[in-house]
Amino acid sequence: MSVNVFPSKHPLVAHKLALLRSVDTKPKKFRELVREIAILLAAEATADLDLKSVEVTTPMGQTTGHELTYDIGLVPILRAGLGMVEGVWEMIPQAEVWHIGLKRNERTLEPMQYYAVKPVEPHVQVCLILDPMLATGGSASAAITLLKSWGVKRVKYLGLIAAPEGIARLQTDHPDVPIHVGAVDSHLNEVGYIVPGLGDAGDRQFGTA
Ligand code: PRP
Ligand code: URA
């Protein structure tokens, strides 16, 4: 595994992923698990962010605390990425949220962009892309290309499950982007789904299967 790929080793992520994958998990529980795993992955993906010192007055006196140096952007890829935003946003409430709409063509597996609004003054220093599934990697690669065209210098990808094919594509297209995932699975099947995976992350969250 390349130095830029970080499959989570956290036992809670592994435990929750098993529940998430199960065919018996219904949409309400599925959404809860997506939210919880996203928070755990965000903690791992943000562990290297820079801090600056700030003076804090406690009821007992003065001390030195820390605050984040950078403005952060959260970038959910519609629609399945929506389930990952809320929990991460609670952890980073000062973050901006930029939505990007991408839908894979079921035949060609190429992503089609249907929504993206460039922020007026894109001033965030780091963007976290939130998208549960890294399958062919086409959607993630297109989202990163768009963010870079908007001037974003630093991007991290956060996903629940990745296929080796998607990781290879991202590493070719965007070798500067670290990939934080809950697990790396076996392969893609003939219709572009991750095996063993969890099925369709959007349908399972929104009850549209
Ligand atoms: C899914 C998933 C990713 C994409 C991954 O979205 O949420 O965005 O597929 O596939 P890729 O790596 O091969 O591009 P989908 O296009 O099904 O849209 P949805 O979220 O609206 O269901
Ligand atoms: N999108 C999904 O939701 N699941 C997959 O396995 C692949 C793409």
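The values are calculated or read from the model by the stated rules, or taken from the named source; none is laboratory data. Everything quoted here is computed from the prediction, not taken from an experiment. Positions of Cβ are generated from backbone atoms using ideal geometry, with glycine treated the same way; all protein chains shown enter the neighbour counts. Accessible surface areas use protein heavy atoms only, side chains included; no ligands, DNA or RNA. Shrake-Rupley method; radii C 1.70, N 1.55, O 1.52, S 1.80 Å.
Evaluating residue 95 against the criteria (1) within 12 Å of ligand 1 (Cβ to nearest atom); (2) within 16 Å of residue 72 (Cα to Cα); (3) small (Gly, Ala, Ser) leaves one unmet condition, (1). Among the residues of segment 22-80, those that are of a type in the set (Asp, Glu) and either free of Cβ contacts under 8 Å to residues at least 40 places away in the same chain or farther than 26 Å from residue 121 by Cα (or both) comprise 24, 32, 36, 44, 48, 50, 55, 67.
Does at least one position in segment 197-208 carry a residue that is in a strand (DSSP E or B), buried (at least 16 other Cβ atoms within 10 Å of the Cβ) and within 9 Å of ligand 1 (Cβ to nearest atom)?
Step one: of segment 197-208, the residues in a strand (DSSP E or B) are none.
Within segment 197-208, none of the residues are in a strand (DSSP E or B), buried (at least 16 other Cβ atoms within 10 Å of the Cβ) and within 9 Å of ligand 1 (Cβ to nearest atom).
All conditions but one from (1) in a loop (DSSP other than H, G, I, E, B); (2) open to solvent by 60 Å² or more (accessible area, probe 1.4 Å) apply to residue 49; the one that does not is (2). Within segment 126-175, the residues that satisfy the criterion of being open to solvent by less than 10 Å² (accessible area, probe 1.4 Å), within 13 Å of ligand 2 (Cβ to nearest atom) and assigned to a helix (DSSP H, G or I) are 138, 140, 166.
Considering the conditions (1) within 11 Å of ligand 1 (Cβ to nearest atom); (2) among the acidic types (Asp, Glu); (3) at pLDDT 95 or above, residue 106 is excluded by exactly one of them, (3).
Does residue 193 satisfy the condition of being of a type in the set (Phe, Trp, Tyr), under 17 Å from residue 102 (Cα atoms) and more than 10 Å from ligand 2 (Cβ to nearest atom)? Step through it out loud before you land on a result.
On the way: of a type in the set (Phe, Trp, Tyr): yes; under 17 Å from residue 102 (Cα atoms): yes; more than 10 Å from ligand 2 (Cβ to nearest atom): no.
No; evaluated as a whole, the condition is false for this residue.
The single condition among (1) away from ligand 1 (no atom under 13 Å from the Cβ); (2) assigned to a strand (DSSP E or B); (3) open to solvent by 60 Å² or more (accessible area, probe 1.4 Å) that residue 121 does not meet is (2). Could you please let me know if residue 130 is within 18 Å of residue 99 (Cα to Cα) and within 13 Å of ligand 1 (Cβ to nearest atom)? Taking the combined requirement at face value, the residue satisfies it.
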